[in-house]
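Remarks on the structure that follows.
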Amino acid sequence: MPEAADPGLAEGHSPTRPERVDVLIVGAGFAGIGMGIQLARRGRESFVIIEQAEDVGGTWRDNRYPGVACDIPAHLYSFSFRPNPRWSRVFAEGAEIHAYLRSCVQQERLEPYLRLNCALEQAQWVEAKARWFVRTSQGDFSAANLVIATGRLTEPKIPPVDELENFGGRHWHSARWNPKVSLVGKRVGLVGTGASAVQILPRLASEASEVVVFQRSAPYVLPRGDRFYTPDELSSFAADPRTITELRDELFAEAELSIAARRRRHPEIDLLHQRAMDHLAAQVPDPGLRQQLTPDYEIGCKRILFSDDYYASLQLDTVRLEPTELTRVADGRAIAAAGHAYDLEILVFATGFNATRPSIAKRIRGRASLLSERWSNGMVAHASTTVDGFPNMYVLDGPNAALGHNSAIYVIETQIDYVLSALDHLATSPDTVLEVTPEAVRSSMRDIEERARDTVWTQGRCTSWYRDEQTGRVTLLWPDSAVSFRQRNGAFDISAYR
């Protein structure tokens, strides 16, 4: 007998039987693909991966701006269970990472599980059936378990600029790059000085006749030291997978050392600060410009950037640093907070993402509330993965799952293992529903607050995307080492659940 569609989801849809799966994964970036690979390999649970775009890749599909690359070494910013001996350089460019993710899908044979151009419209826990009913742009699903793997860098953020609609030229966000518009000979405003901006500027400056960089706050910049791998190194990676494992372990250990500076320990934070100041002094001889490029907060409070050519680009005759933010448009001109007006043809917003208040939370309803309502005071989760009131639901790369010093893939793999362990428990108790207790979530949040208490992220005199903009809580970042994340959150413990 066909299963009746839930009335709350069936409105406007034909009452056909939803596709039943054990696990429904939302998002086909690193987290969703990694989850899919592990489910496919063990071959026990039925699953689908829904993706609203026409291709996989997440961040690395969307961000196609000139110069896009990762600031974590490629052999560390990839799956430990799918090493890639063909990384061409230390820090992979965006297109190469995107190709890697596509190859993971192909080689792990995930295509039959993928539903592209399939956007989540609503997910609702139906108590009577103890399942998630999910409405998408391509039909309905009934899932025993729901995995949210949409990440943090999916919703471009453009800051409020008065009368932006009256700007006489073109404008777009860096994650929605418009390749059809030539920048050659154009007067361009680059809004922002974060991780994307420092990669865009050198390429932008090589084409535009004039570039104005609107800086709200100066970033700390360290030398990047990127290079291509030699033929001998590539041959070694291909011949012996142990060389990749050894390199990965070495890179991981080196990154972990920098957590001491984030904890504001001396002399580690002093040495890190001096390294950044030495790089600035060596690159920028002019004292006036150097002063404008000197941050006024503790190093590490905001994301530390890596570049060998950002400072050099700022000193080109065609580039001007505007040390205040873009606030309004008047008479078609871009006006900075200091009052300076610029006659520009294009504005590029490299201004980050709506990361702390994801809009997808408004489309997920648990036992009694929307996820956005549960997160009204900022995102919370137990083990950075499960939320009370939302049974059999797991959030990957979400609350307190970012790292400010090491690879996010290490965290994602830890969460994937956690979800697999939860599914193992459910397999042994088929009538069980897993819902984390409110106290377990509160305990996790107390632990986060304690770990963050004396770090640069709370004491560093800055505002950053790591913290909820309304409450000031550290909601995106795991404020400790990567190893401690796995120690604290890697083991599924049934005692935390109803």
Q: Tally up the carbon and sulfur contribution to the accessible surface of the chain as a whole percent, 1.4 Å probe, everything protein left in place.
A: 48 percent
Q) When only C-alpha pairs under 8 Å and at least 6 residues apart count, what is the relative contact order of the chain, in percent? A) 18 percent
Q: Just add up the charged neighbours of Phe167: K/R +1, D/E -1, any other residue whose Cβ is under 13 Å from the Cβ of Phe167.
A: -2
**Q.** Dimensionless Rg over Rh [the range 232-347; C-alpha; Kirkwood]
**A.** 1.13
Q.
Check the chain for me: any Cys whose beta-carbon has no other cysteine beta-carbon within less than 4.7 Å?
A. Cys70, Cys104, Cys118
Q.
Let's test this: bin the Cα-Cα distances of the range 394-498 at 5 Å from zero up to the farthest pair and state each bin's percent.
A. 2, 11, 21, 23, 19, 12, 7, 3, 1, 0, 0
Q. Quick one: accessible area per residue over the range 292-393, 1.4 Å probe, rounded to a whole number of Å²?
A. 37 Å²
Q) When the scattering of the range 78-205 is computed by the Debye formula from its Cα atoms alone, each counted once and equally, what is log10 I(q)/I(0) at q = 0.20 Å⁻¹? A) -1.25
Q) Using the Kyte-Doolittle scale, which helices in the chain average at least -0.5 and also have C-alpha atoms spread 15 Å or more along the helix axis, with helices defined as whole DSSP H runs? A) 30-42, 94-107, 195-205, 268-283, 408-428
**Q.** Rg/Rh (Cα only; Kirkwood hydrodynamic radius) as it applies to the range 291-333
**A.** 1.05
Q | Solvent exposure, largest accessible area first (probe 1.4 Å, DNA, RNA and ligands not counted), of Ser80, Ser196 | A | Ser80, Ser196
**Q.** Normalised contact order of the range 340-498, rounded percent, pairs of Cα under 8 Å and 6 or more residues apart
**A.** 29 percent
Q: Give me the accessible area per residue for the range 36-76, probe 1.4 Å, as a whole number in Å².
A: 34 Å²
Q) Based solely on its DSSP helices, what 222 nm [θ] is calculated for the chain when runs of n ≥ 4 H residues each add -39,500 (n - 2.57) and the sum is averaged over all residues, nearest 500 deg cm²/dmol? A) -9000 deg cm²/dmol
Q. By DSSP, what percent of the beta bridges with both residues in the chain are antiparallel, rounded to the nearest 5?
A. 40 percent
Q) From the cross-link list Lys129/Lys362; Lys157/Lys362; Lys180/Lys302, which pairs have alpha carbons spaced over 27 Å apart? A) Lys180/Lys302
Q. Within a Cβ distance under 9 Å of Val134, other residues only, what is the Lys/Arg minus Asp/Glu net charge?
A. -1
(Q) Under 8 Å for C-alpha pairs, at least 6 residues apart: give me the relative contact order for the range 164-258, rounded to a whole percent. (A) 21 percent
Q. What is the Cα centroid distance between the range 120-173 and the range 260-330, reported in whole angstrom?
A. 35 Å
Q: Hand me the trypsin sites (Lys or Arg not before Pro) from the range 312-415 located in a DSSP loop with no more than 16 other Cβ atoms within 10 Å, in residue order please.
A: Arg367
Q) Tell me, what is the 1.4 Å probe accessible area of Asp226, in Å² to the nearest 10? A) 40 Å²
Q | Taking all pairs of distinct alpha-carbon atoms in the range 332-464, Kirkwood radius in angstrom | A | 17.8 Å
**Q.** the range 327-344 - phi-based ³J(HN,Hα) in whole Hz, Karplus 6.51/-1.76/1.60, Gly and Pro as x
**A.** 10, 7, 10, 9, 6, x, 9, 8, 10, 8, 4, 6, x, 5, 10, 10, 8, 10
Q) Ignoring ligands and nucleic acids, what accessible area does Trp177 show with a 1.4 Å probe (Å², nearest 10)? A) 40 Å²
Q) Which whole number in µm²/s is D for the chain by Stokes-Einstein, with the Kirkwood Rh taken over Cα pairs at 4 °C and 1.567 mPa s? A) 54 µm²/s
Q.
Can you give me the solvent accessible area of His266 with a 1.4 Å probe, rounded to the nearest 10 Å²?
A. 130 Å²
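The values are calculated or read from the model by the stated rules, or taken from the named source; none is laboratory data. In this text the structure is predicted, and so the values were computed from the model without any measurement. For neighbour counting, all protein chains shown are included, and Cβ atoms are generated from backbone atoms with ideal geometry for every residue, glycine included. Keep in mind that these areas ignore ligands, DNA and RNA; they rest on the heavy atoms of the full protein, side chains included. Shrake-Rupley method; radii C 1.70, N 1.55, O 1.52, S 1.80 Å.
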